[in-house]
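Taking it in order: structure first as structure tokens, then the write-up.
The values are calculated or read from the model by the stated rules, or taken from the named source; none is laboratory data. Predicted model, so just to flag it, every value in this text is computed and none were measured. Cβ placement follows ideal geometry from the backbone for every residue including glycine, while neighbour counts extend to all protein chains displayed. The area values use the complete protein model at the heavy-atom level, side chains included, leaving out ligands, DNA and RNA. Shrake-Rupley method; radii C 1.70, N 1.55, O 1.52, S 1.80 Å.
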Amino acid sequence: MKNTNLKLRGMSCASCANTVEDAIRSVPGVNECSVNFGVEQATVTYDPRKTDPKAICDAVDAVGYSAVPVQDDDLFVTDDAEQKARQAENRSLVRKVWVGGIISTILVIGSLPMMTGLRLPFIPMWLHNPWLQLLLTTPVLFWSGASFFINAWKALKRHTATMDTLVAIGTGAAYLYSLFPTFLPGFFSTRELPADVYYEAAALIVTLILLGRLLENRAKGKTSEAIRKLIGLQAKTARVIRNGTEVDILLAEVIQGDVILVRPGEKIPVDGQIIDGSSTVDETMVTGESVPVKKQPGDEVIGATINKTGSFKFRATRVGKDTFLAQIVKLVQQAQGSKAPIQRLADQVTRWFVPAVITIAIATFIIWYNIMGNVTMALMTTVGVLIIACPCALGLATPTSIMVGTGKGAENGILIKDAESLELAHKLKIIILDKTGTITHGKPTVTDYVTVNGTAHSNELNLLRLAASVERNSEHPLAEAVVQYAQSQGVELTDSQEFEAVAGSGVQGYVSNQWVQIGTHRWMNELGIDTGALQQHWDRLEYLGKTVIWIAVNSKAQGIMGISDAVKPSSANAIRTLQKMGLEVVMLTGDNQRTAEVIAREVGIKRVFAEVRPDHKAEIVEELQSEGKIVAMVGDGINDAPALAQADVGMAIGTGTDIAIAASDITLISGDLLLIVTAIQLSRATIRNIRQNLFFAFIYNVAGIPIAAGILFPFFGWLLNPIIAGAAMAFSSVSVVTNALRLVNFQPKTLG
């Protein structure tokens, strides 16, 4: 299966989104499809043996809309083009609103005597001349409001109906009705209620709805602000050294392997590795780390970060769509284009919304005409029903909040893979934290080294050589600590043969024809190796909360090392805050029980799973899920990937491995555990915002449609003016988007 994203054009409401989604799903070979009206994007999973993006786009074109595949290479170009297209659309809407506004004002002034029932001598009677009003209304309806009628006709040809259908029928009905008193005075008149024209209603309704669409477009543009901020971080040019000469080139021309010079105060153009020079780099905009990071030869640098103090040269390792910033942009766009489960109800409602409203409008006309025997009253209530109904508010309720929420997450150093993960995070009850690299820095150092042979320095160094020569083949942080300690002691390492890593236990291999095994106390016992000679030292080091590894040569215990990994400064505060938020925090580690308990006490964790093999971590997650609770797993290593995938919400520390990040739902870029707090608080704020939007959208339609149909007339003798209905409909979507934009002001709170 392959995935593709399509940029959609021509949708005017959530009903359009449903039509497009149905069209894509009908293409043979399409497995999944999600159309997001808020971002005008479709995410499609398809079988490349049966279909391709062109066939899918053709299916969208066939139902009256347009679609263009979005390529990864276009990530930075697409948003700029999208912004220009939105600006052009807004300029067109502004012109139409101005024309409609001026003409509608004249029409309303001319209709005030009829609307109020009062003689207003300051208003000339010729302004209410039906022929003049017809002349003024026609360009508003068929130029400013042309899109409503064009889209309604397209929908009719597809045997569907959209919000444009409602507007076209409502304003068209008012316009056509007014033609009769204009051309055939007295046609609809009765002695009790003479017929009048309602041109001003048709013109003003079109203008108000266009104004609402303009404000909605501008507000929706703000919801994409996070993407534009991220894209704006990248440098425009790079100073590349080619053939010994410094050349300034456009960023798009940089290729992998180029040597790039960066001076103080400049942005680093692409990702790479320093080969000469040193400096400090401000990575705040990408990782959230507020303190500049020292960089020297061999260190990685990230594109879009800012060089602070020194100059350096680095070799480009990732360019274009492969840079860290490009991947962040892609993840944010992917999340903003996805659908949250909470949106399903709104989708089901909008699927039947327009047909239901048209049915209600027809019923309204029949009922009032039969009761009152007056076409004017029946028609005005019918127009009111058609105009006040708004499926857009329902369609925008969820995606706008998701767009702002995921964008706000990116600003805070939190990458959310999809809307479902963002929604699920607010339901979490248990947070499982891996110890090494998550609660601790993940950079352990050797603090104690004890050998069986006592103080013979040559024996200690030889044993250290054997152990480090095997350990340097391992990627484990403890192995790195052993190698660094050996190098600091001036030990020269040699090659090892038949190296093997035993998951959750240790490593082994031959060095200088000697069989060397380095690992846990449990593993030594499983191997039948006698540990009695060093048992006392092992007890002491474990009591101090240090990780102890054993060194055995030719199946005999020869030494132990005490390794310490400092707890991150923010860990205790983050865990305390999570607990005050009502979450149970659990620690999971492969370390021995005593060491795990020391770390757990230091950070305030009460429930600990220690000595857990990597292949059993997912089983622990499953065990906690069996308690009926929503579980998150937070980890950074390759051995955490199965547990991250098993958890309801997997959170990977961004400083960890690519595999862990790929298996997770949420990535915490900087590795600060306070980002877990931020992620959960952001999820809660976003879902609260979505619920507010859905409540408003449902209540608006549930209350507005019956009022427009005249339900209050028998009790109060009052009917809703279609103009007021049009204003209400126009601003309902705006209010939903405006409420979503309140999330821009989200600030995390630390309760610890």
7 Å from Cα along Cα→Cβ at both Thr245 and Lys427: what's the point-to-point distance in nm?
6.3
So what is the accessible area of the chain per residue, in Å², with the probe set to 1.4 Å?
43
Once the Cα atoms of helix 477-488 and of the chain are each reduced to a long axis, what angle between those two axes, in degrees from 0 to 90 to the nearest 10, is obtained?
50
Send over the Kirkwood Rh of the stretch 596-752, from the inverse of the averaged 1/r over different Cα pairs, rounded to one decimal Å.
19.7
Just to check I understand the Karplus step: with θ = phi - 60° and J = 6.51 cos²θ - 1.76 cosθ + 1.60, what whole-Hz values come out for the stretch 240-253, glycine and proline as x?
9, 9, 10, 6, x, 10, 7, 10, 8, 10, 5, 4, 5, 8
Once the stretch 247-370 is represented by equal point scatterers at the alpha-carbon sites, with solvent omitted, what log10 I(q)/I(0) does the Debye formula produce at q = 0.11, 0.13, 0.20, 0.21 Å⁻¹?
-0.52, -0.62, -1.07, -1.14
The stretch 377-447, Kirkwood Rh and Cα Rg, ratio Rg/Rh at 1.39
If I stretch the segment between Thr182 and Glu253 completely, what's the gain in nm (0.36 nm per residue apart, minus their alpha carbon distance), one decimal?
18.9 nm
What shape does the stretch 583-632 have by the C-alpha gyration tensor, where a ≥ b ≥ c are the square roots of the eigenvalues, rounded means a/c under 1.5, and otherwise prolate means a/b greater than b/c and oblate the rest?
oblate
Rounded, prolate or oblate: which fits the stretch 309-369, taking a ≥ b ≥ c as square roots of the Cα gyration tensor eigenvalues, rounded meaning a/c under 1.5, else prolate when a/b beats b/c?
prolate
Going by alpha carbons, how many degrees (0 to 90, nearest 10) lie between the helix axis of 163-183 and the longest principal axis of the chain?
10
Taking all pairs of distinct Cα atoms, average 1/r, flip it, and tell me the Kirkwood hydrodynamic radius of the chain in Å to one decimal place.
30.2
What net charge is computed for the residues neighbouring Ile306, neighbours being all others with C-beta under 10 Å from the C-beta of Ile306, Lys and Arg scored +1, Asp and Glu -1?
-1
Packing-based ranking, highest mean first, of 343-351, 424-432 given that Cβ atoms within 10 Å are counted:
424-432, 343-351
If I stretch the segment between Trp718 and Ala645 completely, what's the gain in nm (0.36 nm per residue apart, minus their alpha carbon distance), one decimal?
20.4 nm
With a sphere of radius 15 Å drawn around the Cβ of Pro341, what net charge do the other residues whose Cβ falls strictly inside it have (Lys, Arg +1; Asp, Glu -1)?
-2
Say each of Ile106 and Thr237 gets a label point 7 Å from the Cα, pointing the same way as Cα to Cβ; how far apart are those two points in nm?
5.4
What figure, in Å² to the nearest 10, do you get for the accessible area of Leu415 with a 1.4 Å probe and non-protein molecules left out?
10
Can you compute the helix-only [θ] at 222 nm over the chain? Use -39500 (n - 2.57) per DSSP H run of at least 4 residues, normalise by all residues, nearest 500 deg cm²/dmol.
-16000 deg cm²/dmol
So how tilted is helix 593-603 from the main axis of the chain? Cα-based, degrees 0 to 90, rounded to 10.
50
On the protein heavy atoms, probe 1.4 angstrom, tell me the percent of accessible surface of the stretch 439-508 carried by carbon and sulfur.
44
Please state, as a whole number in µm²/s, the translational diffusion coefficient that the Stokes-Einstein equation yields for the stretch 539-595 at 37 °C and 0.692 mPa s, with Rh defined as the Kirkwood radius across alpha carbon pairs.
236
Hey, how many Å between the Cα centroid of the stretch 6-76 and the Cα centroid of the stretch 318-389?
19
Multiplying the sequence separation of Arg742 and Glu623 by 0.36 nm and subtracting their Cα-Cα distance, what value in nm do you get?
39.0 nm
Please compare each pair in Lys84/Lys339; Lys84/Lys321; Lys568/Lys629; Lys267/Lys294; Lys2/Lys408 to a cut-off of 20 Å on the Cα-Cα distance and tell me which ones are over it.
Lys84/Lys339; Lys84/Lys321; Lys568/Lys629; Lys2/Lys408
Name the residues of the stretch 724-744 whose amide N is less than 14 Å from a point 7 angstrom out from the Cα of Ile711 along the C-beta direction?
none
In order through the stretch 258-270: 3J(HN,Hα) via Karplus (6.51 cos²θ - 1.76 cosθ + 1.60), integer Hz, x for Gly, Pro
4, 9, 10, 9, 10, 9, x, x, 8, 7, 6, x, 9
